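Reading through the structure tokens given below for one structure.
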Amino acid sequence: MATKGSGATGRGRRRRSAFTPPRTVRLRDDQGARVAAAPEEQGSDGDLHREGGERLQKVLARAGFGSRRACETLISTGRVTVDGTSVQEQGVRIDPATQVVHVDGRRLQLDTEKLTVVLNKPRHVVSAMSDPEGRRDLTEFSERFARRLYHVGRLDYETEGLLLLTNDGELAHRLTHPSFLVEKTYVCRFDAPGGPPRSLVRTLRDGVELDDGPARADSARVLAQDGREAVVEVTLHEGRNRIVRRMFASQGFELTTLVRTRIGPVLLGDLGAGETRELTGRELGTLMAEVGL
């Protein structure tokens, strides 16, 4: 059992980010006087200061981290990194267009031209910006924004739920690349007279054989059943075509409704069908950190 003194110390200690090992930036000389970075040294590992740049606390405040004073506290307590280096000195100036800032391990998107939004894709909408068959596509949703956006991955014509639209090409690439293993959660409804077999959830977790190789859910659980229908939630990180529908079909169940409710840290929540919203700074930062940005 921890002593009273050790407990108090533990509560008072702040956890550093698990994402980036910090190094402290010193922008003072041996006498403690503040020094400016020499132009030829700017961009080196030990020098993050940019003469003529923007004060770091101002950048943080604009990104939604509170007042200037609150942002100064974030800096002084070692919770902010610039280009992978912990910055604890006040008054550091940076170039938001070229330097990378993290707070508590979450990346800040400082490029105001970049935009990422959540769409609750309705059923019977093609995951494309145009369709040769004339079916309803994503254009009507992307046109709500001044910037030209593209969809990240796809949901099939019958599937509804969370779809990301963005103009950030690197983020889109990493979210769709299998090596980054971004989890996605789906809610699946199907006819199950008498209830689903007890082995179904275990089988989905253990893995099933499909015509293009085995597939396995990272997690699965029954959300509801009434003797006629069942609702099962599955989470997996694969993105093969119609993989969730095919996994259930391999066990004899045809999904009547399929809704994607989560991509990484981003939740669909109560967003209505056809509605859109911009990602919050916390959502975007966590999502970027999850794919190594």
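The values are calculated or read from the model by the stated rules, or taken from the named source; none is laboratory data. As the structure is a prediction and not an experimental result, all values here were calculated from the model. Here the Cβ positions follow ideal geometry from the backbone for every residue, glycine too, while neighbour counts run over all protein chains shown. Accessible surface is based on the protein model in full, side chains and every heavy atom, while ligands, DNA and RNA are left aside. Shrake-Rupley method; radii C 1.70, N 1.55, O 1.52, S 1.80 Å.
For this structure, a couple of remarks:
- For the peptides 261-270, 131-140, 198-207, the ranking by packing is 261-270, 198-207, 131-140, with the highest mean count of neighbouring Cβ atoms within 10 Å listed first.
- Cα-derived Rg over Rh, computed across region 165-293 with Rh taken as Kirkwood radius: 1.00
- Between R68 and R221, the contour length at 0.36 nm per residue exceeds the Cα-Cα span by 50.5 nm.
- For the pair D211 and D131, label points projected 7 Å from Cα toward Cβ lie 2.3 nm apart.
- Here the accessible area of region 91-146 is 43 percent carbon and sulfur, with a 1.4 angstrom probe and all protein chains present.
- Accessible-area composition of region 162-281, carbon plus sulfur, in percent [1.4 Å probe]: 47
- Surface exposure of region 156-284, expressed per residue as accessible area with a 1.4 Å probe, stands at 50 Å².
- Relative contact order for region 189-293: 25 percent, from Cα pairs under 8 Å spaced at least 6 residues apart, divided by residue count.
- With 10 Å bins from 0: P(r) over region 40-125, alpha-carbon pairs, percent: 16, 48, 21, 8, 6, 1
- Rg/Rh (Cα only; Kirkwood hydrodynamic radius) as it applies to region 96-248: 1.03
- Part-to-part distance (alpha-carbon centres) for region 53-95 and region 100-149, which is given in Å: 29
- Of the residues V100, T77, L181, the one whose Cα sits farthest towards the positive end of the charge dipole of region 44-197 is T77 (charges of +1 on Lys and Arg Cβ, -1 on Asp and Glu Cβ, taken about the Cα centre).
- The distance separating the Cα centre of region 205-233 from that of region 235-284 comes to 14 Å.
- Which of M288, M129 is most accessible, then next, and so on - probe 1.4 Å: M129, M288
- Net charge of the neighbourhood of L110, taken over other residues with C-beta under 10 Å away and scored Lys/Arg +1, Asp/Glu -1, is 0.
- Working from label points 7 Å from Cα in the Cα-to-Cβ sense, the H177 to K114 distance is 1.4 nm.
- Label point distance in nm, T77-Q90, each placed 7 Å from Cα along Cα→Cβ: 1.6
- At 1.567 mPa s and 4 °C, Stokes diffusion of region 56-184 via Kirkwood alpha-carbon radius, µm² per second: 76
- Peptide packing: for 62-70, 97-105, the average count of neighbouring Cβ atoms within 10 Å per residue gives the ranking 97-105, 62-70, highest mean first.
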